[in-house]
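Let me begin by presenting the structure, written as structure tokens, before commenting on it.
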Amino acid sequence: MSTSLQERVELLNSRFAVAQQLRFTSHDSGQVVGVVSTPVCDGEFFLHGAHVTRYRPRGFEELLFVSDEAIFRDGKAIRGGVPICFPWFGPHPTDPAAPAHGHARTHEWELTRTANSPAGALQVELHAVFDPFDVVYTIEFGSELTLSLKVTNQSPTPVTFEAALHSYFRLKDVREVAVSGLESVAFLDQLTGATEAPSNAPIRFTEETDRIYQDNLDVITISDRLANRNVVIEKRGAPSTIVWNPWIAKSQRTGDFGDEEWTQMCCIESASVGANAIELATGESHELVAKHRLVTQTP
Ligand code: TA6
């Protein structure tokens, strides 16, 4: 470990470590990682991208998927976990040179607070400024994984942004999974550009799937039958939901994603995008919250 990295890790531990719950160390890539181990869960996050990469509640296997081929370096988003898409989603609306999904997921965020919540969960607060936005991201490692993105407009004029918590969930086999909670919601198929009628049935993955559902705040459940567990997602301030699996061809075209990894994951993203982009008046704030928990299917 380089001296400067060692000094950075030591300073973070002196200021923000939480006894028997959180310590900082260096990842092989030279990035700083927070390692969480509490009575109710284990977890991990990087200051790079304020990126949660692991969350495992006691009694369960890992919730999140991270590619074995993920690249950990400045300027590159980690493939998996929960990337933060902000202040736009997908390609930049006007600048083709701008990074897909915005700057937040490749930014080095500042750690500002670590503490236990009144309920005993470990709270980690990170801060960044993406002018004109001031952003506070709070990660709560408890019996649930709760993520909050609070965006404030610091400019003298109204501004609009998009945001998505692009959560990658680990699955036994995506082909044996059903996603409920969006049955009655029309969606934009990002692969065809067509708006499709509600499916009136749980989502099942049989091909590359890339859909934006709007105006939904219902609880979303991923039934992972082979893992005998459900992933339950509750949202606040996130009226959009993106559902994605790259399937075979896109996996083969994605350099930091294994050719066969598409079977082990899907993304259900809590978001405010497109028609549900958020406009903030001067000084106004918006909070996007996503809560994730695991439930055993057969008690
Ligand atoms: O959320 C779905 C999506 O927009 C897909 O179109 C796909 O591009 C995915 O995000 C991953 O994007 P990334 O820039 O991380 O490769």
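The values are calculated or read from the model by the stated rules, or taken from the named source; none is laboratory data. Just so you know, these numbers come straight off a predicted model, no measurement behind them. When we count neighbours, we look across all protein chains shown, and the Cβ atoms used for this are built from the backbone with ideal geometry, even at glycine. Ligands, DNA and RNA are excluded from the accessible area calculation, which covers all protein heavy atoms including side chains. Shrake-Rupley method; radii C 1.70, N 1.55, O 1.52, S 1.80 Å.
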The extension gain from Thr160 to Arg8, computed as 0.36 nm times the residue separation minus the Cα-Cα distance, is 51.2 nm
For segment 212-299, the percent of accessible surface on carbon and sulfur atoms (probe 1.4 angstrom, ligands and nucleic acids excluded) is 49
Share of accessible surface on carbon and sulfur in segment 1-71, whole %, 1.4 Å probe and ligands ignored, is 46
Taking only protein heavy atoms and a 1.4 Å probe, the highest-to-lowest accessible-area order of Lys235, Lys76, Lys291 is Lys291, Lys76, Lys235
With the charge dipole of the chain built from beta-carbon charges (+1 for Lys and Arg, -1 for Asp and Glu) about the Cα centre, the Cα from Ser285, Ile222, Pro132 projecting farthest to the positive end belongs to Ile222
Simple spin-label estimate for Phe130/Ala17, 7 Å along Cα→Cβ, in nm, reads 3.3
In Å, the Kirkwood estimate of hydrodynamic radius for the chain over Cα pairs equals 19.6
Computed about the Cα centre, the charge dipole of segment 115-200 from +1 Lys/Arg and -1 Asp/Glu charges at the Cβ has a magnitude in debye, to the nearest 20, of 160
To the nearest Å², the heavy-atom accessible area per residue of the chain with 1.4 Å probe amounts to 43
quick shape note, segment 205-248: Cα extents on principal axes in Å, largest first -> 31, 24, 10
Subtracting the Cα-Cα distance of Asp256 and Arg204 from 0.36 nm times their residue separation yields 16.2 nm
Among the Cα-Cα pairs of segment 228-299, the proportion with separation greater than 21 Å, in percent, is 49
